[in-house]
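Down below is the structure, laid out as structure tokens.
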Amino acid sequence: MISLVINGKRHMVDVSPDTPLLWVIRDHIGLTGTKFGCGMAQCGACTVLINGKAERSCQTPVRDAQGKKITTIEGVSETHPVKKAWISEEVPQCGYCQSGQIMQTVALLKSNPRPTEGDIDELMSGCICRCGTYQRIRRAIRTAAGVAAKGGKK
Amino acid sequence: MSRIINISRRDLLKTGAVLGGGLILGFSLPVPKSALAGPGKAKSFAPNAFIRIGDDDIVTIIVNKSEMGQGVYTSLPMLIAEELECDWTKIRVESAPVAPEYNHTEWGPVQGTGGSSSIRSTWNQFRKAGAAARLMLIEAAADSWKVDEGSCRADKGYVIHDRSGKRLSFGALAEKASILDPPKEVVLKKPADFKIIGKATKRLDTPEKVSGRAVFGIDAKVKGMLTAVVARPPVFGGKVKTFDPEKTRKIAGVKEVVQVPSGIAVVATGFWPALNGREALEVEWEEGENAGLSTERLRSRYANLSMTPGVVAKKEGDASGAIAKSVRQISAEYEVPYLAHATMEPLNCLVDLREDRCEIWTGTQFQTIDRNAAAAAAGLKQEQVKIHTTLLGGGFGRRANPRSDFVVEAVHVAKAVKQPVKVVWTREDDIRGGYYRPMWYDRISAGLDSHGMPVAWQHTIVGQSIIKGTIFEKGFIKNGVDGTSVEGASNMPYDVPNISVDLHSPDIGVPVLWWRSVGHSHTAFVVESFIDELAHAAAKDPYEFRMSLLHKHPRHKAVLELAAQKAGWGSPLPNGHGRGIAVHESFGSFVAQVAEVSVSNKGEVRVHKVVCVIDCGRTVNPDTVYAQMESGVVFGLSAALFGAITFKDGRVLQSNFHDYPMVRMKQMPKVEVYIIPSEETPQGVGEPGVPPIAPAVCNAIFAVTGKRIRSLPVGVGGLQA
Ligand code: FES
Ligand code: FES
């Protein structure tokens, strides 16, 4: 049995310890907001926060996540500046990559609340959007950064 | 708050989930008039297959187009809402089941989404559906108040009688309206009176997609469901010779290892054990006749073919005679590779197959075709198969397969395991799974007069037909020419008196399919690059040169002109930067793009900015048009810079995003989009943004380096200036 804390809730799962966290989250816990895109740390669709850091859950054996604080897209409040910016800038198209994009941005703004364009390009380049929403992602990050800088989370 | 309702089987089992206070019956539609009300006390009014109004005022729009990112779950409800005069915040969207009412208005008896046709093909249908419902609600209200219908109007979800000040909500009128006959005729609003159409409208599916609650096919679940991955042959057309499931069966979580027509399915309690099971599987394959397939050999075969005349697709005047007699001849060969769609959501399909029925959850663009194929595979009647269309994590044509590959396979797996099962493809399965945009080889020549103007144009195209052998043959293949192979070439817009376009469609064992913008994805590259070559040969400005040859095409000229103006065509640029321009008509729309590109000393190409102008006729949701243009530019740019599926020893050499790369944030240019205001019928926007970007970028590379790119992809840093 492996004990995991996901979005503040403890779960006990009976899986082999080398199972990627992604599949534990999706198939065992039943949270499907975290997506599978490549399975080899190429696309970022599976990004979650582990102790506040953005990690590719497809490349994280579940044993490494034990005892750590895991946050998935469902664990980010609907009033979080990043989610609000994603809505106000109308970012998603098909939407499939967006959980990963949002989680990556949440982590980015936490460590770097006023990112430059170069920072954004660098840090977001691990997350592929096949629909090509990058321009709106850039805009949403700036919006979220502005909100976060002004008033923090509401 | 508007939300998308993905009806899951669990909702069905609850016989109608209570949502927003109203009873919504999952896939009970199409609703015959006698069955308008759901069970119990809740009443609803379903004037036609597209609208259901509950007594809670909720207006459910049943959308028969698949939402794959292009915004149809918002733009199509906008068409209905414009005429219905409902309260936009009360709108809910539901995906349509498979039924004749939902057939495509232009495609014959099939329901589907593609060809950038969703708005165009529902433009009248959906507005009429909305208008009919409004008239019935007004009739119901007028009857209750004993007033003349003409003295009532509808606004924001109410029917209002101005003289008396009486008003009743749509919900309050639903029951009464439901016993009325639909009007025989409706008069649609004049465009000048539009309140919704043409106004930037927030997408209804955004909140779900941001919260993580959106349900894609890969997220669908039913009770007792297993997950399968399938080991497929390494070579197209290959077959299983023998297999040994021993090691696979020992893996915890693996339930079954079964042979299906497409390979060996490893069925397990979840994706991970299924994948591990597949890795442990020992299969010996009969590789078949494609075992020797190689891109190199294909190229030389295509090059040879291109030197012989093909089937005539277009002939005006005497091109070869005029070329021979011309002052100067120019010719070139262009080539583009196979391309995978690589939708962000890998293919998947969930099947719950029982004795007498089959339910399928998948993101499909081809409901009827998939339903019929599933029925045949399951040995059921078509009516016994239900398709639940989930959200699609990208489509780009891959989920519109006349051969229904991923659906039929999943039905076979479900048949073998006798339990609900979801087949999930890995990214490698997807990249190697075929149904590619065909590889193309083009040979093109022109004859110029003494002013450098073209007097003749001869274009030979070589590449597989995506239509041959499908149910679309009759519609698309005329006199031996697959129209999708030559679109954009046989109707190229430039004024050239002698023109000939011909086609070779060799049979190659690689499964091919439409890929966002279909034939235009290669013809625009060839035509718009070659016209650029001719401009430079004539020592003319590429923009002016095009304009001087477009007398019969004012809409091409208008988009070109605005693109040139917005991009500052001809104005100075930093050293090492250059601009390229291209224009192309596809799916009824006209798009011009100007790309600003730099090339480093190391040959690294960077696209800094793209100005994109579209004339798509009347715009329904401008924000969607902007988004689709941005999207098309990125999609086309990934292909132009990096995309190639190649073969050696029958095997696909690429497998995942490391060797089949996509444009990432770092490579993302600034994209500026302008829409030409128009009163014409709305046309396509999902695909037309794709074709011009490759030639615009390659023409810009020529402007910087003098090097003409005639073979895609450009390559990662592979360009030596
Ligand atoms: S699925 Fe983990 S990075 Fe792509
Ligand atoms: S929105 Fe479709 S992949 Fe990003």
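In the assembled protein chains, B:Arg232 presents an accessible area of approximately 60 Å² (probe radius 1.4 Å).
Highest mean first, how do B:558-564, B:366-372 rank when packing is the count of other Cβ atoms within 10 Å averaged over residues? All intermediate terms of the calculation are to be shown ahead of the outcome.
Details: B:558-564: 22.0, B:366-372: 24.6.
Averaged packing, sorted descending, gives the order B:366-372, B:558-564.
Proximity of backbone amide H atoms, modeled 1.01 Å from N, is registered between B:Ser711 and B:Glu335 at under 5 Å, excluding neighbours fewer than 5 places apart on the same chain. Measuring heavy-atom accessible area with a 1.4 angstrom probe and counting protein chains only, the residues of segment B:210-229 that give up at least 40 Å² relative to the chain alone are B:Val210, B:Ser211, B:Gly212, B:Phe216, B:Ile218, B:Asp219, B:Lys221. Helical runs assigned H by DSSP (4 residues or longer) give the protein assembly as shown a calculated mean residue ellipticity at 222 nm of -8500 deg cm²/dmol, each run adding -39500 (n - 2.57) before division by the residue total. In terms of overall dimensions, the C-alpha atoms belonging to the protein assembly as shown reach 83, 77, 61 Å along their principal axes, ordered largest to smallest.
Note on exposure: B:Lys552, B:Lys648, B:Lys415 ranked by accessible area (1.4 Å probe, complete protein assembly) read B:Lys552, B:Lys648, B:Lys415, with the most exposed listed first. Taking a point 7 Å out from the Cα of B:Ser151 in the direction of its Cβ, the residues of segment B:165-209 whose backbone N falls within less than 12 Å of it are B:165-166.
Per-residue mean of foreign Cβ neighbours for B:659-665 is 6 (Cβ atoms of other chains, 10 Å radius). Computed over every Cα-Cα pair of chain B and binned at 20 Å starting from 0, the pair-distance distribution P(r) comes out as 17, 46, 31, 7, 0 percent. Shielding of peptide A:79-86 by partners, expressed as the average count of other chain Cβ atoms within 10 Å per residue Cβ, is 2. Could you point to the residue in B:Pro511, B:Leu534, B:Phe126 farthest towards the positive end of chain B's charge dipole, with +1 and -1 charges on the Cβ of Lys/Arg and Asp/Glu respectively? Ranked along the dipole, the leading option is B:Phe126. Using the Cβ-Cβ distance between A:Ser3 and A:Ser77 with R0 = 30 Å, the FRET efficiency computed as 1/(1 + (r/R0)^6) comes to roughly 0.80. Taking the 1.4 Å solvent-accessible surface of segment A:1-44 as the whole, the part contributed by carbon and sulfur is 48%. Around the Cα centre of segment A:30-140, unit charges on the Cβ atoms of Lys, Arg, Asp and Glu (plus for the first two, minus for the last two) sum to a dipole of about 180 debye.
Applying 1/(1 + (r/R0)^6) with r as the Cβ-Cβ distance of B:Ala324 and A:Met12 and R0 = 60 angstrom yields a FRET efficiency of 0.15.
With all protein chains kept in place, the per residue accessible area of the protein assembly as shown amounts to 36 square angstrom at a probe of 1.4 angstrom. Beta bridges per DSSP, both residues in the protein assembly as shown: antiparallel share near 75 percent. Taking the centroid of alpha carbons for each part, segment B:380-414 and segment A:1-80 are 29 Å apart. Ordering B:Ser306, B:Ser548 by accessible surface, largest first, gives B:Ser548, B:Ser306; the 1.4 Å probe counts only protein heavy atoms, with every chain in place.
Here B:Lys381 sits with roughly 120 square angstrom of accessible surface, probe radius 1.4 Å. Where a Cα-Cα gap under 19 Å defines reach, which lysines qualify for B:Lys552, not counting those fewer than 8 residues away within the same chain? By straight Cα distance, B:Lys552 reaches B:Lys314, B:Lys315. The label point for A:Arg139 and the one for B:Glu679, both projected 7 Å from the Cα toward the Cβ, are 3.0 nm apart. On full extension, the segment bounded by B:Asp244 and B:Lys609 gains 125.9 nm, given 0.36 nm per residue less the C-alpha separation. Rolled with a 1.4 Å probe across the full set of protein chains, the surface gives A:Arg139 an accessible area near 90 Å². For the set B:Lys128/B:Lys189; A:Lys9/B:Lys255; B:Lys146/B:Lys190; A:Lys84/B:Lys670; A:Lys53/A:Lys83; B:Lys43/B:Lys209, the pairs lying more than 19 angstrom apart at their alpha carbons are A:Lys9/B:Lys255; B:Lys146/B:Lys190; A:Lys84/B:Lys670; B:Lys43/B:Lys209.
Which distance in Å, rounded to a whole number, links the C-alpha centroids of segment B:226-301 and segment B:112-176? Centre-to-centre distance over Cα atoms comes out at 55 Å. Other protein chain C-beta atoms within 10 Å of residue C-beta, averaged over B:198-206: 3.
Modelled spin labels at A:Asn51 and B:Glu279, positioned 7 Å past Cα toward Cβ, are 2.6 nm from each other. Close amide H contacts of B:His104 (hydrogens built in the peptide plane, cut-off under 5 Å, sequence separation of 5 or more or a different chain): B:Val110, B:Gln111, B:Gly112. The string of couplings for segment A:92-106 from the Karplus curve (6.51, -1.76, 1.60, θ = phi - 60°) is x, 10, 5, x, 5, 7, 5, 4, x, 4, 5, 5, 4, 5, 4 Hz, one whole number per residue in order, with x for Gly and Pro.
So if R0 is 51 Å, what FRET efficiency would A:Ser111 and B:Asp449 give, r being the distance between their Cβ atoms, rounded to the nearest 0.05? Rounded to the nearest 0.05, the efficiency is 0.20. With the simple model of a label 7 Å out from the Cα in the direction of the Cβ, B:Lys202 to B:Arg354 spans 4.1 nm.
Counting 0.36 nm for each residue step from B:Leu188 to B:Gln382 and taking away their Cα separation leaves a gain of 66.2 nm. By the Kirkwood approach, averaging reciprocal distances over each pair of separate Cα atoms, segment A:81-149 gets a hydrodynamic radius of 11.6 Å.
The H on the amide N of B:Asp87, modeled in the peptide plane, is under 5 Å from the matching H of B:Gly157, each at least 5 residues off or on a different chain. Note on surface exposure: B:Glu282, B:Glu533, B:Glu345 rank B:Glu282, B:Glu533, B:Glu345 by accessible area, highest first, 1.4 Å probe. Kindly identify segment B:193-331 as rounded, prolate or oblate by the Cα gyration tensor criterion: order the square roots of the eigenvalues as a ≥ b ≥ c, call it rounded if a/c is under 1.5, otherwise compare a/b with b/c, prolate if a/b is larger, else oblate. Oblate.
The values are calculated or read from the model by the stated rules, or taken from the named source; none is laboratory data. Keep in mind that what you see is a predicted model, and the values were worked out from it rather than measured. Note: ideal-geometry Cβ built from the backbone for every residue, glycine included; neighbour counts use all protein chains shown. Accessible surface areas use protein heavy atoms only, side chains included; no ligands, DNA or RNA. Shrake-Rupley method; radii C 1.70, N 1.55, O 1.52, S 1.80 Å.
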